[in-house]
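Participant: Handing you a structure now.
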Amino acid sequence: MTQAMTMTGRQFAIIGGSGFADFGTDADGRTLVTRYGVPSAPLRRLNYDQHHVSALARHGEAHDIPPHRINHRANLAALAMMGVDSVIALNTVGVIRRQLYPGQLAVPDQLIDYTWGRDHSIYDGSSATLDHIDFTRPFSDPLRTLLLAAAGRIDVDCHDGGVYGVTQGPRLETAAEVDRFDRDGVDFLGMTAMPEAALAREFGMHYACLSLIVNFAAGRGEKAIHEDIDASTLTAKMQSMRVLKAFFTTQTGRSDGPRRT
Ligand code: HPA
């Protein structure tokens with residue numbers, strides 16, 4: 001079935017990554033307990049005009065939960081309990097592909113999962129149900145299109161597409177590992193899109209990443225990686241916040257969203 005995705009009636013959440021621990025702290029937080037445990041942080045509410053958006057700090061509000069210890073199942077289950085059906089995931093990434101640069105944003109359209117040992121499915125044998133989700137296209141195309149359109153309206157340089165390689169972390173990669181990821185076709189490296197994206201699909205949600213490019217991947221830049229990160233994170237963060245504002249404030253009520261098959 002072909003169906004337009006519009007903003008109207010959707011329940012959005014933003015999952016914030018590094019640099020977004022203080023996301024929405026001005027609002028009342030709500031701590032939920034799910035069958036998978038407690039989420040990384042209280043769910044907070046952000047208001048963009050008449051849009052009420054849930055905000056969740058993936059690494060905790062003290063930024064003390066490393067990528068490999070995030071309880072993604074509890075995070076997504078808590079959002080599902082709140083009626084969320086569409087998730088914008090903010091995450092920082094290192095870039096392999098030469099044409100892209102730190103400070104820029106990207107909305108990837110594919111991923112390769114290199115993580116291990118994470119609770120990656122809600123189907124853990126404890127219930128009679130099982131769904132082999134179709135993950136051919138891991139990110140929601142309608143949501144990606146809306147994000148890119150929002151960036152375009154305010155002239156923010158946001159790359160359309162690319163393969164997000166999800167690494168285990170918390171350490172960064174070796175130069176040889178980056179060469180291997182490059183041979184695999186990976187464009188950016190980050191540590192958090194999986195199993196988050198797959199769990200969102202299991203919960204039936206739209207999910208897309210707005211990725212903040214904050215460094216050249218190991219062995220690919222001129223500077224030390226942490227110099228890159230220190231120099232670019234604030235710029236990328238400010239740009240991503242502008243895109244979110246454009247996303248939520250100028251699309252309200254429009255009914256000409258992209259098509260979903
Ligand atoms: N590799 C993996 N994850 C990251 C990077 C990186 O270079 N930069 C930000 N998150």
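The values are calculated or read from the model by the stated rules, or taken from the named source; none is laboratory data. Because the structure is predicted, anything quoted here is derived from the model rather than measured. Here the Cβ positions follow ideal geometry from the backbone for every residue, glycine too, while neighbour counts run over all protein chains shown. Only protein heavy atoms, including side chains, enter the accessible area calculation; ligands, DNA and RNA are left aside. Shrake-Rupley method; radii C 1.70, N 1.55, O 1.52, S 1.80 Å.
Participant: Once whole DSSP H runs in the chain are found, which of them have Cα atoms spread over 24 Å or more along the helix axis and a mean Kyte-Doolittle score of at least -1.0?
Facilitator: Passing helices, by number: 225-249.
Participant: Related question: At most 15 other Cβ atoms within 10 Å and a DSSP loop assignment: could you name the GluC sites (Glu not before Pro) in the range 137-224 that fit?
Facilitator: In loop regions of the range 137-224 (DSSP not H, G, I, E or B), the sparsely surrounded GluC sites (Glu not before Pro) are Glu222.
Participant: For the chain, give the percent of accessible area contributed by carbon and sulfur heavy atoms, probe 1.4 Å, rounded to a whole number.
Facilitator: Summing carbon and sulfur atoms, their accessible area is 49 percent of the total for the chain.
Participant: To continue, here is another question. If you filter the range 149-212 for trypsin sites (Lys or Arg not before Pro), then keep DSSP loop positions with at most 14 other Cβ within 10 Å, what is left?
Facilitator: Arg171
Participant: While we're on this one: Could you give the accessible area per residue of the range 137-216, probe 1.4 Å, as a whole number in Å²?
Facilitator: Per-residue value: 32 Å².
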